[in-house]
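The values are calculated or read from the model by the stated rules, or taken from the named source; none is laboratory data. Everything numeric in this text was worked out from a predicted model, so none of it was measured. Using ideal geometry, Cβ is built from the backbone for each residue, glycine included, and neighbour counts are taken over all protein chains shown.
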Amino acid sequence: MKVLVVGGGGREHVLAHKLNQSPLVKEIFAIPGNDAMTAVAEVHSEIAETNHEAIVAFAKDHQINWVIIGPEQPLTEGLADKLHSEDIKVFGPNQAAAQIEGSKLFAKQLMAKYDIPTAEYKEITNKQSAIDYIQTCEYPVVLKKDGLAAGKGVIIANNYDEALAGIEELYPEEEGIVVFEQFLEGEEFSLMTFVNGDYAVPFDCIAQDHKRAYDNDQGPNTGGMGAYCPVPHIGQDILQQTNDTIAQPIANALVNEGYQFFGVLYIGAIITAEGPKVIEFNARFGDPEAQVLLTRMESDLMQHIIDLDNKQPLHFKWKDDAVVGVMLASKGYPGSYDKGEKVSGFNLDGSYFVSGLKKEDNAFVTSGGRVILALGEGVDIATAKSNAYKAVDQIESDALFYRTDISDKAMK
Ligand code: AMP
Ligand code: GLY
């Protein structure tokens, strides 16, 4: 089979790496990919992720059997629909179904209608009403811009002044949709669920991301600064509850409302006193959750995608070892940062996945905020963590920073 991976980050790097191990997959292409993916895929960086016509033409010319779309933007912009219209198979939802990630309001309304546990919310469509609202609301309050924001459109305001500053940021104009949400207290986890219509198969291994930039969950929200799996202190009962009250009901709700979701639905959940509740849905694999989950996955990802397509049972198999991944990011991220800084010392044998590096004169230099995820495996989380930080230590660069407490929640 010939497979095309769309996207150029660490998630797509691990997807290509994992698919390359499948006996079902003969050739892998990546658009736009990145320079670290050339060991596992034919990389076509000359085609932009946003150039849907060129991607469809490429898939036709190369007789691609499956296109796997990694990032949210091409999904919410309808790349899957364009590929479907040429009878090309796609792992990743169509534009209508991808709204579950693309619009916070869409997701909230769907959850409200189908009684899926989540924070209470209020939709506010202009700046003045928002200012009025924060005079009476309870604190902390969570402000979420409606639309994609690369993990950075969420503000947690502890008081009126912070909420006012948040409003200034999220309403550049008088009109605009912001969801104001009740603040939930608890531990977060990420559950990937394979979904084909009402056939929903959650991974039986969850992961935990680290969204804040600095140690002890301090600093601004990012796309994710590290992840690990499994999460031993979040047990089978929570997983079962999440499946019963969130994963299967949301798949049914989408079908009931006429949406055809095919791909991976990312459930970002928080464990409250009332049980797990939804923080967010994504219409794709998490990044960096994909890097640790697919590293731990022993079974064949391509086979799982085919089985999902045919609504056949999926038999996930996981390594006994735990996996910890530490993100190295450009100093300054998620704010502004320099590019073009040299990074070396890493290998490309599956211990590192690259998000933001490109080759210049035969050396890798930074090209993005999140740069490279260093992974470690081990018999338990502590060993995996220690190995992950050994991998971090191999990296030579003055331009990067990272958290030192990835996976510590599992060891408290
Ligand atoms: P999101 O982009 O919706 O995942 O939000 C980013 C991060 O903000 C989440 O991972 C949470 O840590 C935090 N967050 C979002 N919504 C809430 C909420 N209702 N209560 C508490 N924390 C939240
Ligand atoms: N790691 C969080 C996300 O992919 O949205």
Quiz prompt | Which numbered condition residue 287 fails, given (1) under 18 Å from residue 70 (Cα atoms); (2) in a loop (DSSP other than H, G, I, E, B); (3) in contact with a Phe, Trp or Tyr (Cβ under 6 Å, 6 or more places away or on another chain) | solution = (3)
Self-check item: Options 283, 329; residue that is within 16 Å of ligand 2 (Cβ to nearest atom) and within 16 Å of the chain's Cα centre (by Cα)
Solution: 283
Practice problem: State all residues of the range 287-299 that are of a type outside the set (A, V, I, L, M), near ligand 2 (Cβ under 10 Å from one of its atoms) and closer than 13 Å to residue 203 by Cα; if no residue qualifies, say none. | Solution: 289
Quiz item: Does residue 293 count as within 21 Å of residue 268 (Cβ to Cβ) and not polar (S, T, N, Q)?
Solution: yes
Quiz prompt | residue 219 being at pLDDT below 95 and more than 16 Å from ligand 2 (Cβ to nearest atom) | solution = no
Practice problem: Considering only the range 398-412, state which residues are part of a loop (DSSP other than H, G, I, E, B) and more than 14 Å from residue 210 (Cα to Cα). | Solution: 398, 399, 412
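Considering every residue within the range 4-25, establish whether at least one is over 26 Å from residue 294 (Cβ atoms), part of a helix (DSSP H, G or I) and in contact with a Lys or Arg (Cβ under 8 Å, 6 or more places away or on another chain). Even if it seems obvious, please write down each step before you answer.
As a first pass, look at the range 4-25 and keep what is over 26 Å from residue 294 (Cβ atoms): none.
There is no residue in the range 4-25 that is over 26 Å from residue 294 (Cβ atoms), part of a helix (DSSP H, G or I) and in contact with a Lys or Arg (Cβ under 8 Å, 6 or more places away or on another chain).
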Quiz item: Is one or more of the residues making up the range 71-80 more than 25 Å from residue 359 (Cβ to Cβ), modelled with pLDDT of 95 or more, charged (D, E, K, R) and not in a loop (DSSP other than H, G, I, E, B)?
Solution: yes
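Condition check: touching a residue at least 40 places away in the same chain (Cβ under 8 Å), within 17 Å of residue 22 (Cα to Cα), away from ligand 2 (no atom under 15 Å from the Cβ) and not aliphatic (A, V, I, L, M). Does residue 319 satisfy that? Please lay out each step first, then the result.
On the way: touching a residue at least 40 places away in the same chain (Cβ under 8 Å): yes; within 17 Å of residue 22 (Cα to Cα): yes; away from ligand 2 (no atom under 15 Å from the Cβ): yes; not aliphatic (A, V, I, L, M): yes.
For residue 319, the condition - touching a residue at least 40 places away in the same chain (Cβ under 8 Å), within 17 Å of residue 22 (Cα to Cα), away from ligand 2 (no atom under 15 Å from the Cβ) and not aliphatic (A, V, I, L, M) - is met.
Residue-wise test of (1) at pLDDT below 95; (2) within 16 Å of ligand 2 (Cβ to nearest atom).
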position	(1), (2)
229	no, yes
235	yes, no
238	no, no
245	no, no
249	no, no
259	no, no
265	no, yes
269	no, yes
Self-check item: Scan of the range 151-161 for residues that are modelled with pLDDT of 90 or more and surrounded by fewer than 20 Cβ atoms within 10 Å (Cβ to Cβ), ordered by number
Solution: 156, 158, 159, 160, 161
Self-check item: When residues of the range 367-397 are limited to those that are in a helix (DSSP H, G or I) and of a type in the set (Gly, Ala, Ser), the one surrounded by the most Cβ atoms within 10 Å (Cβ to Cβ)
Solution: 388
Quiz item: Cβ-Cβ below 6 Å, separation at least six or inter-chain, first residue in the range 254-267 and part of a helix (DSSP H, G or I), second of a type outside the set (Ser, Thr, Tyr) and more than 16 Å from ligand 1 (Cβ to nearest atom): which pairs?
Solution: 254/261; 255/197; 255/198
Practice problem: Residue by residue through the range 182-206, note down the ones that are in contact (Cβ under 8 Å) with a residue 60 or more places away in the chain and not in a strand (DSSP E or B). | Solution: 183, 184, 185, 186, 197, 203, 204, 205
Quiz item: Which of the residues spanning the range 93-143 are within 16 Å of ligand 1 (Cβ to nearest atom), surrounded by 14 or more Cβ atoms within 10 Å (Cβ to Cβ), in a helix (DSSP H, G or I) and over 21 Å from the mean Cα position of the chain (by Cα)?
Solution: 109, 133
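Before we move on, is residue 67 at pLDDT 95 or above, closer than 28 Å to residue 253 by Cβ and crowded, with 22+ Cβ neighbours inside 10 Å?
yes
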Quiz item: What is the residue count in the range 29-47 for residues that are closer than 16 Å to residue 302 by Cα and either without any contact (Cβ under 8 Å) to a residue 24 or more places away in the chain or surrounded by fewer than 24 Cβ atoms within 10 Å (Cβ to Cβ) (or both)?
Solution: 2
Quiz item: Which one is farthest from the chain's Cα centre (by Cα) among residues in the range 182-209 that are within 24 Å of residue 145 (Cα to Cα) and within 16 Å of ligand 2 (Cβ to nearest atom)?
Solution: 187
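Listed here are the residues, each with its yes/no results for (1) more than 30 Å from residue 389 (Cβ to Cβ); (2) free of Cβ contacts under 8 Å to residues at least 40 places away in the same chain; (3) more than 16 Å from ligand 2 (Cβ to nearest atom); (4) surrounded by 15 or more Cβ atoms within 10 Å (Cβ to Cβ).
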| site | (1), (2), (3), (4) |
| --- | --- |
| 163 | yes, yes, yes, yes |
| 173 | yes, no, yes, no |
| 180 | yes, no, yes, yes |
| 211 | no, no, no, yes |
| 225 | no, no, no, yes |
| 232 | no, no, yes, no |
Self-check item: Selection status of residue 193, touching a Leu at 6+ places or on another chain (Cβ under 6 Å), within 14 Å of ligand 1 (Cβ to nearest atom) and among the polar types (S, T, N, Q)
Solution: no
